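The values are calculated or read from the model by the stated rules, or taken from the named source; none is laboratory data. Here the structure is a predicted model, which is why all the values come from computation and not from measurement. Heads up, the Cβs are rebuilt from the backbone with ideal geometry, glycines too, and the neighbour counts pull from every protein chain shown. With ligands, DNA and RNA removed, areas are computed over all heavy atoms of the protein, side chains included. Shrake-Rupley method; radii C 1.70, N 1.55, O 1.52, S 1.80 Å.
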Amino acid sequence: MGACLALCSLASCASCLCGSAPCLLCGCCPSTYNSTVTRLIFSFFLLLGTLVSVIMILPGMEEQLQKIPGFCKGSSSIPGVENHVNCNIIVGYKSVYRVCFAMACFFFIFSLIMARVRSSKDPRAALQNGYAFWFFKFLILVGITVGAFFIPDGTFSTVWFYFGVLGSFVFIIIQLILLIDFAHNWNKTWLENAEEGNRNCWFAGLLSFTFIHYTLAFAAVVLFYLYYTQPDACIEHKVFISLNLIFSIIISIISVLPQVQEVQPQSGLLQASLISLYTMYVTWSAMTNNPDRKCNPSLLSLVSNTTSSLAPTTSPGQVQWWDAQGIVGLVIFFFCTLYASIRSSSNTQVNKLMQTADATGAEGGLCQAVDNEEDGVTYSYSFFHFCLFLASLYIMMTLTNWYQPNTTSQVMLSTMPAVWVKISSSWLGLALYLWTLVAPLILTNRDFS
């Protein structure tokens, strides 16, 4: 039901981009809050930019993109350089960098403009929520995007790569926080439904999903050992898999300890199982960036290695544009972006981390954007835009498979630093979830309800 309302609200918001309230499609939708509508539209901007970025790396686009000055010099291949990819290929990845650069700039500017907005009475709140400004905000985003394509190549891609790595590291943590919040609300809602009636059904549902999450996580561990390790090599992978398996078991045990249950009765294995599964995804994503093909059978043909034994066997002109972990990453990103736009959480710890306030449902029969922020904003405008800024960087890194551009040879390199960034983010995320479990036991003088 929540997803249907979200999609309905998004469709309603899209119709308002070129007009003012009331919206043309409002008659079919329930009323909603102004804060929710605004977040949905900005998220729509981000998803639209993501779609454009995906189009940029589709086969057949390279001929059009090469017409842009500074993208690719010389012929379709680079003479004098062995084992380097075709320049027709690299141009798509450079385009993704520029589209995501434009989105990042757009959201970062808004993050600065909206700093310390306390209520809708602030004049800047009209720029955030006002219907009259949406068309102009869209034009600004388009203008920045067009301008980004005329940035001279030089070291732009290399420098922006490091911004992408840092931003993606933080965004992975934010995704984990959103998943913790989602699992908390999920568990709370189903437990409340079980108390109202049909206990066996609701408890069976919770148990089933918990079992599915743990089964998938355990299956992932087995597959990782089979395909991403070797008996006499890949020591890093063995350490990553083993540690994250052990950490997942630890947080699962702690989540059901009597001491934890006493202060957090709604904490349980459902949340721990979902976090464990997400941790295994991040582990998988990290291992797919290992430049050693012996330890990484899913290494894309775009990677260029100087060592012939590690070089891809496919021809430089053939590219596998999509890999499984990238697709899964986009699905998780879409879910988290939508959830961040419509979330209404009672989890105090998560609300503090995400700088949001508790919210209730909107009232009214017809669709209308109800201003619920006259006394105070329900979320930090600045932090929300900063999250979208980080999401833009995460999309850039996901669509380019975290490959590092090399300006001297016009290739994309898979590097170990990308592996360590992802793995360290998984460890930090697990530590953060562990803290949400034990914090009430350690800081007994603080209210975590």
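Brief remarks on what is shown
- Condition met for Gly268 (surrounded by fewer than 17 Cβ atoms within 10 Å (Cβ to Cβ) and small (Gly, Ala, Ser)): no
- Leading residue by the ranking (least open to solvent (accessible area, probe 1.4 Å)) among those in the range 116-172 that are over 24 Å from the mean Cα position of the chain (by Cα) and of a type in the set (Lys, Arg): Arg124
- The lone exception for Ile89 - which of (1) touching a helix residue (DSSP H, G or I) at 6+ places or on another chain (Cβ under 8 Å); (2) at pLDDT 80 or above it fails: (2)
- Failed item in (1) part of a helix (DSSP H, G or I); (2) of a type outside the set (Asp, Glu); (3) surrounded by 13 or more Cβ atoms within 10 Å (Cβ to Cβ), with Asn200 passing the rest: (3)
- For Ser276, the requirement of being surrounded by 21 or more Cβ atoms within 10 Å (Cβ to Cβ), within 22 Å of the chain's Cα centre (by Cα) and farther than 30 Å from Ala194 by Cβ is not met.
- Taking the listed residues Ser252, Ser242, the one that is open to solvent by less than 60 Å² (accessible area, probe 1.4 Å), within 25 Å of Trp402 (Cα to Cα) and of a type in the set (Gly, Ala, Ser) is Ser242, with no other qualifying.
- Failed condition for Gln175, given (1) surrounded by fewer than 23 Cβ atoms within 10 Å (Cβ to Cβ); (2) under 21 Å from the mean Cα position of the chain (by Cα); (3) of a type in the set (S, T, N, Q): (1)
- Leu216 being touching a helix residue (DSSP H, G or I) at 6+ places or on another chain (Cβ under 8 Å) and open to solvent by 40 Å² or more (accessible area, probe 1.4 Å): yes
- Any hit, the range 270-290, residues being among the small types (Gly, Ala, Ser) and not in a helix (DSSP H, G or I): no
- Where Pro297 falls short, out of the listed (1) more than 26 Å from the chain's Cα centre (by Cα); (2) at pLDDT below 85; (3) surrounded by fewer than 15 Cβ atoms within 10 Å (Cβ to Cβ): (1)
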